[in-house]
Each structure stands twice: as structure tokens, then as C-alpha cells.
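Take a look at the structure set out below.
FYI, it's all coordinate maths here, none of it is from the lab. Quick caveat: nothing in here was measured; it's all calculated off a predicted structure. Here the Cβ is made from the backbone with ideal geometry for all residues, glycine too, and neighbour counts use every protein chain on show.
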Amino acid sequence: MKLAAQLFTLREYTKTPQDIKETLKKVKEMGYNAVQVSAIGQIEPQLLKEYADDAGVEICVTHTAFDRIVNDTENVILEHKLWNCKYIGLGSMDEKYRNDKQGYDEFLKTLSPAVDKIYDSGLKFLYHNHAFEFARIDGKTTGIEYLAQKTDPKKFGFLADFYWVQAGGASPIEFIGKYPDRLNIVHFKDMTIIENKATMAEIYEGNMDYDSIYAECEKIGVEWVAIEQDRCRINPFDSLKLSYDNLAKRGMFRN
């Protein structure tokens, strides 16, 4: 497995092309050799490639807006091929789709033509979960189970976020075992308890069993692990560095 930094963590520092250029260099200096592109400001695709190449980091996956995936599929594919990026990720489904099976059906009906085009181009679509997908949408089937039932794992992967898997009341280890053919890329973030509330934490600064999660991911052949923290209690760069250092101390993801 290879390690990446999720730029969503650093979204306050990627608002302009110059910000992006400087942030990519800082990420590389921390030890990361790859990034997930997410929540960055406006930048020409070619310029982003140049900045990533200059910094010496790969782009392994993105979070791309739903409207662009659906309505601008060809250009999205071209951009990812320019970046040598095999995976087109979606951060979440819109709230209007989340409440019941009919909503999930409408989501898939709208998305499926783009997923097929992405697959036919040699790339793959990945769906990033939160906690709501683990709610039952028909009294017995969870949203994530329904997505799996209705899609082809060769075309439709899960960008599993293990913090949100656990927040949804599921077991990350069982999730990995249940969907091994869908997990090309995963998100690591830890969970701790502050003032009796679940709170995001850097890896090995919380209570999740990342020894076992890492081992199970390695066992099924996960390609990339992206470190992400939606909300940081310390400087976001320090947060990413702390996660990197904690993993490196345990001999994980050595370059």
C-alpha cells in the first residue's frame, strides 16, 4: 500500500494556484509522495499537473463534484488521464437522495451513465461514505448495502472512510471483509472522545484499532491510503504530519 495526503484537510491553504503550489511542496516535505485532490480552488488542469510534478507528488484520486461527473464526464476523464489518476471519487450523495430506497435509485439512475463511461475509459468511479449510508433505508437494508447490491464492483468502488464506518455503527474490519473487491483506496482518520462526543483525531491519537485495519487493508490489496481529517484541533499541516509520523514509527508506509 502507498500513502497519500487528502488535500481536503488543507482546504484553507489551497484556494489559489500559488497556495496549491506551496501546499503540495509542504506535503512532500512531510514525507507524503501522493495527494488526493479535493476542495481546491480554481486552477487549470495542466497547471495542477505541473505543480504536482514539480513537487514530486502523484495524484492518486480526487473528489469531483457530482454535477461535473454527470454532466461533464468526458472532460473529467481527460483531466484524470492528464494527471495519470485512475480513480474519480465522489465525496457524497446530495441530501435529497439519502432518505429512502427511491432516493438511492434516483441517485444511481442519474450517475450510472457516467460510471459506465468512466469504466469504459479505463478509469474507475469511487464513492466516499459518511455515516448516513449505514442507516436502513427500507427497514432492513442499509444504504451502503443497497449501493453494493445495485452496482458492479468492477465499475463502482467504495472509497471507504473508516472513521465514518465506525460512526455509522459498523465494524471497519467487517466492512473490509465484506467489500474487498471495492476498496482500491481508503481513508484513515482516527476517533477519540472529547466531552463525551466522538471527535476526529490523528492516526494513533484516538481509539480505533488501526493495527488491525492496516493489516486487513494490506491483506486485500488496497492500493492507496489517504490520510484525512475533516476538522483539526491543531494546525492542519501539523495534523497530517503527526499522522504520518505515528504511522512511520510503526514501520508502515516506508518510502
* Could you tell me whether the range 15-27 includes any residue that is buried (at least 19 other Cβ atoms within 10 Å of the Cβ) and part of a loop (DSSP other than H, G, I, E, B)? => no
* Starting from the range 82-101, keep only residues that are in contact (Cβ under 8 Å) with a residue 12 or more places away in the chain, then list their pairs with residues that are of a type in the set (Lys, Arg) and in a helix (DSSP H, G or I) whose Cβ atoms are within a distance under 6 Å, requiring at least 6 positions of separation or different chains. => Leu82/Lys49; Trp83/Lys49
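Conditions tested, residue by residue: (1) in a helix (DSSP H, G or I); (2) touching a Lys or Arg at 6+ places or on another chain (Cβ under 9 Å).
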| position | (1), (2) |
| --- | --- |
| Cys217 | yes, no |
| Val222 | no, no |
| Val225 | no, yes |
| Arg231 | no, no |
| Phe237 | yes, yes |
| Tyr244 | yes, no |
| Leu247 | yes, no |
| Met252 | no, no |
* Asked: Val35: touching a Gly at 6+ places or on another chain (Cβ under 6 Å) and either not in a strand (DSSP E or B) or not hydroxyl-bearing (Ser, Thr, Tyr) (or both), yes or no?
  -> no
* **Some residue of the range 65-84 being within 26 Å of Gln18 (Cβ to Cβ) and touching a His at 6+ places or on another chain (Cβ under 8 Å)** => no
* Asked: Across the range 117-168, what is the total count of residues that are surrounded by 15 or more Cβ atoms within 10 Å (Cβ to Cβ), part of a strand (DSSP E or B) and more than 17 Å from the chain's Cα centre (by Cα)?
  -> 1
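Suppose the filter is surrounded by fewer than 16 Cβ atoms within 10 Å (Cβ to Cβ), of a type in the set (Lys, Arg) and closer than 20 Å to Phe175 by Cα; does Lys109 pass it?
On the way: surrounded by fewer than 16 Cβ atoms within 10 Å (Cβ to Cβ): yes; of a type in the set (Lys, Arg): yes; closer than 20 Å to Phe175 by Cα: no.
Considered against the rule, which asks whether it is surrounded by fewer than 16 Cβ atoms within 10 Å (Cβ to Cβ), of a type in the set (Lys, Arg) and closer than 20 Å to Phe175 by Cα, Lys109 comes out as no.
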